[in-house]
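The values are calculated or read from the model by the stated rules, or taken from the named source; none is laboratory data. Only a predicted model underlies this, so the values are computations on that prediction, with no experimental measurement involved. Here the Cβ is made from the backbone with ideal geometry for all residues, glycine too, and neighbour counts use every protein chain on show. Remember, those area values only see protein heavy atoms, side chains included, never the ligands or the DNA or RNA. Shrake-Rupley method; radii C 1.70, N 1.55, O 1.52, S 1.80 Å.
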Amino acid sequence: MELSFLKDIVVIFALSTLVNLLFSKYRIPTIAGYLLTGILAGPHLLSLVRDTHNIEMLAEIGVVFLLFTIGMEFSLKHLMKIRRIVFLGGFLQVTITAAVFYLASRFLDISREGALLFGFLMALSSSALVLKILQERSEVTSNYGRTVVGILIFQDLLLAPLLLLTDLLAQSNVNFATEFLILSAKVAGIIGLAYTGNKWLLPKLLDIIARAKNQELFMISIFLICFAIALLSYELGMSLAFGAFLAGLMISESEYSHNIFGNFYTIKDVFSSFFFVSIGMLFDVHFVIDNWMLVGACFLLVTVLKSFIAGGTGFILGHTLKGTVLIGLALSQVGEFSFILAGIGFDNGILPAFYYQLFLAVAVLTMGITPFLFYFSPELVRAISGLPLPDAMRNGLFPLKELTLPPFNNHLVIIGKDPSALKLSLMARYNNIRHISIIFDPTLAHEKMEEGDTVVYGDAVNEPVLKKAYTENADVVVISVGNLISSMAIIEKVRKINAEAYILVRSTTVMNVEQLYKVGADEVIPEKLEMAIDMMNRILTKRHIPHKEISRIITGIRNRTLGAYSEKDLVNKPSIFDEFHNMKISVISIGTNSTAEGMTLIGLDLRRKTGVTILAIKRAQEVIEHPAPDTIIHGGDIAYVIGEPEQVRQADLLLNITRHSA
């Protein structure tokens, strides 16, 4: 029995575990670890893997799973929204990049056929790599993420025409016009199938299978759909990955898509790791050492030129400076499909052996540097923003129409575009709380404006944007952007223009809490900790644990996790009233037509009649603490009382008997 294939898998898993264990200590992205694993285990260095073909097969399955989950996350509705980006943005990026690198290749004295192929090889970017990073950063559907995905979709659509072009360059007996028309018909047919499946076929089919209440049967059917559509796409001359993406789109509108996505996520990560390992195996260390100056120069040239061209495309599509930079960095590497085309070109004699090896070395290096470019992108954006640039470059060619807002005072400012921030603004609007949202996503900002919300579009790191929202006059500022660096920068800017504002910040992890408090936050909510505490609270309540014991447990959790910073929490501070689980301070609003109006506290005799005690009365902006027995009740007063729930209910009824019903 031949077990070499299994041995190769064990070697890859063992080596990638060791490499990524080391990388994780220094927060180096795992993708870089997989590439290094491939370089070490590949035939050009340690030769630990015997059969690279089998690894490439697993890598192909990984790319299929990755594109399938991206299709589910993206949905056909999103795709229709960005059709302009797909075709206009994709066409501009591919055409300009191919033309620039064609000229550069001719300068290196490569044949016209080879230069043309080189141009298109460099025009493609890595869907597998970029989409994995966007997915990990939850930015697939962000403003710049939509543009990146749209351009990558256009590039994937080009794979079949480029395969045809490669054949045409290798031989002279191919009828290009006929083949192109046949291919166009095939593309239209499979996209039509995807639309039909998304709209009518798959929702009904999945519903029938789900009613069988057999999870294994359900998952097998999903695997069948994924691989069947991918295989159909391949048979029609397109890539497996493109077919898998269409299969994901077909399922995206189903009510079961979230369950499917969750089940596929881990499988996708395991198999996609083989893709990055297989790319690393192509890297010839000896070639790079022998030609390090040429490889280094070409690597820089490719990264810089691709970044500028892709960023320029984003700028033409209307992105701001930040979006332009992020799009440029995201598409700065060479794509996985370029390796396929380059291999065909090399086998057919279009690319000389030396330039083929040069391509492989540069392509792997560009893919290896991409995770780090994403990681350091905030610093790069901040550095470029400090340069004296024209307003059109900062705000984009098509900035949102500026709204002239009337002056706001003592209002709420909500900064962020995540679901928490958007839902908070919705709740504030429903409860008539004056607020202004600052959203750095033109599409979302436009949608919120159309809904009637008060929105300022822009990056809250910039002081002028904060001032447009009258942040200097706000009494509460909520910062819900997630990213630590951005949150710290915004806190500092807000505190600079408004020393009195109460700054409430959402933190993704507990580790960031201390840093956010140190730069000026008044209260930090670590969302994952609070979610876990809320679930624990519900579990303890369900088990009929006494309220005071639950309070003690929850307080202990916060103290152990947050330390001294647990005292900053206004809502969850421990109280002596926790010892009395049926007693708490309640608020009673007294109507303007109440029979209690004009009576003194001693005249009301509230303590004897209901059992509650009035602790304080709020009258307009004045708070009367420990009111005297002769204090007169006014209509519109707010009474703070203490008592058991039923006692408080009786007091509320007594204080709000209207005169005509008395």
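May I ask you to list the residues in region 206-216 that are among the hydrophobic types (A, V, I, L, M, F, W, C) and out of contact with any helix residue (DSSP H, G or I) (no Cβ under 8 Å at 6 or more places or on another chain)?
Hit for region 206-216 is Ile208, nothing else.
Considering region 407-441 alone, what residues qualify as being farther than 19 Å from Tyr470 by Cα and of a type in the set (Ser, Thr, Tyr)?
Ser420, Tyr430
Residue by residue through region 13-52, note down the ones that are of a type in the set (S, T, N, Q) and surrounded by 13 or more Cβ atoms within 10 Å (Cβ to Cβ).
Within region 13-52, Ser16, Asn20, Thr30, Thr37, Thr52 qualify.
If you take just the helices (runs of 4 or more DSSP H) that sit entirely in region 96-197, which of them hold at least 1 residues that are more than 17 Å from Leu329 (Cα to Cα) and modelled with pLDDT of 75 or more?
The helices (runs of 4 or more DSSP H) meeting that bar are 112-123, 143-157, 159-170, 176-196.
Give the residues of region 136-153 that are more than 21 Å from Leu92 (Cβ to Cβ) and either of a type in the set (Phe, Trp, Tyr) or open to solvent by less than 10 Å² (accessible area, probe 1.4 Å) (or both), sorted by residue number.
Val140
Does region 434-449 hold any residues that are surrounded by fewer than 19 Cβ atoms within 10 Å (Cβ to Cβ), in a helix (DSSP H, G or I), touching a Leu at 6+ places or on another chain (Cβ under 9 Å) and not aliphatic (A, V, I, L, M), and which are they?
His446
Out of the residues in region 510-563 that are touching a Lys or Arg at 6+ places or on another chain (Cβ under 8 Å) and part of a loop (DSSP other than H, G, I, E, B), which is nearest to Ser420 (Cα to Cα)?
Only one residue tops the list, namely Asp522.
So which of Glu402, Glu463 ends up being open to solvent by less than 80 Å² (accessible area, probe 1.4 Å) and at pLDDT below 90?
The match here is Glu463.
Of Leu58, Leu67, which residue is in contact with a Gly (Cβ under 8 Å, 6 or more places away or on another chain) and surrounded by 17 or more Cβ atoms within 10 Å (Cβ to Cβ)?
After applying the criteria, what remains is Leu67.
Take region 528-539 and flag every residue that is β-branched (Val, Ile, Thr) and open to solvent by 80 Å² or more (accessible area, probe 1.4 Å).
Within region 528-539, just Ile539 meets the criteria.
Taking the condition of being within 18 Å of the chain's Cα centre (by Cα), in a helix (DSSP H, G or I) and in contact (Cβ under 8 Å) with a residue 60 or more places away in the chain, how many residues in region 325-338 meet it?
Of the residues in region 325-338, 3 are within 18 Å of the chain's Cα centre (by Cα), in a helix (DSSP H, G or I) and in contact (Cβ under 8 Å) with a residue 60 or more places away in the chain.
Can you tell me which of (1) in a helix (DSSP H, G or I); (2) open to solvent by 50 Å² or more (accessible area, probe 1.4 Å) is the one Gly452 doesn't meet?
Of (1) in a helix (DSSP H, G or I); (2) open to solvent by 50 Å² or more (accessible area, probe 1.4 Å), only one is false for Gly452: (1).
What number goes with the only condition from (1) touching a strand residue (DSSP E or B) at 6+ places or on another chain (Cβ under 8 Å); (2) crowded, with 18+ Cβ neighbours inside 10 Å; (3) modelled with pLDDT of 85 or more that Ser586 does not pass?
For Ser586, the failing item is (3).
Given Leu231, Leu282, which one is more than 19 Å from Leu15 (Cβ to Cβ) and at pLDDT 75 or above?
Only one candidate passes the filter, namely Leu231.
Which one is nearest to the chain's Cα centre (by Cα), of the residues in region 625-646 that are loosely packed, with under 15 Cβ neighbours inside 10 Å and farther than 18 Å from Asn656 by Cβ?
It comes out as Glu625.
Evaluate the following for Ile614: is it in contact with a Phe, Trp or Tyr (Cβ under 8 Å, 6 or more places away or on another chain) and either within 28 Å of Ser551 (Cα to Cα) or at pLDDT 85 or above (or both)?
Yes.
Of everything in region 421-471, what is under 16 Å from Ala489 (Cα atoms), in contact with a helix residue (DSSP H, G or I) (Cβ under 9 Å, 6 or more places away or on another chain) and not hydrophobic (A, V, I, L, M, F, W, C)? Give them in sequence order.
Gly458, Asp459, Asn462, Glu463, Lys467, Thr471
So how many residues does region 511-561 have that are aliphatic (A, V, I, L, M) and farther than 25 Å from Val413 by Cβ?
Residues that pass the stated criteria total 12.
From Gly197, Gly189, which residue is surrounded by fewer than 18 Cβ atoms within 10 Å (Cβ to Cβ) and on the phi < 0 side of the Ramachandran plot?
The match here is Gly189.
In region 248-278, which residues are under 14 Å from Pro43 (Cβ atoms) and open to solvent by 10 Å² or more (accessible area, probe 1.4 Å)?
The one that is under 14 Å from Pro43 (Cβ atoms) and open to solvent by 10 Å² or more (accessible area, probe 1.4 Å): Ser278.
Rundown of residues vs (1) out of contact with any Cys (no Cβ under 7 Å at 6 or more places or on another chain); (2) of a type outside the set (Ser, Thr, Tyr); (3) open to solvent by less than 40 Å² (accessible area, probe 1.4 Å), yes/no style:
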| position | (1), (2), (3) |
| --- | --- |
| Ile490 | yes, yes, yes |
| Ala499 | yes, yes, no |
| Asn512 | yes, yes, yes |
| Lys518 | yes, yes, no |
| Ile525 | yes, yes, no |
| Thr541 | yes, no, no |
| Pro546 | yes, yes, no |
| Arg552 | yes, yes, no |
| Arg558 | yes, yes, yes |
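Is there any pair with a first residue in region 22-49 that is farther than 14 Å from Thr370 by Cα and a second that is among the acidic types (Asp, Glu) and in a loop (DSSP other than H, G, I, E, B) whose Cβ atoms are under 6 Å apart and which are 6 or more apart or on different chains, and what are they?
Pairs found: His44/Asp284.
Go over the candidates Ser480, Ser420, Ser425 one by one and state the one that is open to solvent by 20 Å² or more (accessible area, probe 1.4 Å), among the hydroxyl-bearing types (Ser, Thr, Tyr), touching a Lys or Arg at 6+ places or on another chain (Cβ under 8 Å) and in contact (Cβ under 8 Å) with a residue 24 or more places away in the chain.
Every option except Ser420 fails the conditions.
For Leu387, only one of the following conditions fails: (1) modelled with pLDDT of 80 or more; (2) of a type in the set (A, V, I, L, M); (3) open to solvent by less than 80 Å² (accessible area, probe 1.4 Å). What is its number?
With respect to (1) modelled with pLDDT of 80 or more; (2) of a type in the set (A, V, I, L, M); (3) open to solvent by less than 80 Å² (accessible area, probe 1.4 Å), Leu387 is out only on (3).
Quick check on region 409-430. Is at least one of its residues out of contact with any Phe, Trp or Tyr (no Cβ under 6 Å at 6 or more places or on another chain) and over 24 Å from Ala521 (Cβ atoms)?
Checking region 409-430: at least one residue is out of contact with any Phe, Trp or Tyr (no Cβ under 6 Å at 6 or more places or on another chain) and over 24 Å from Ala521 (Cβ atoms).
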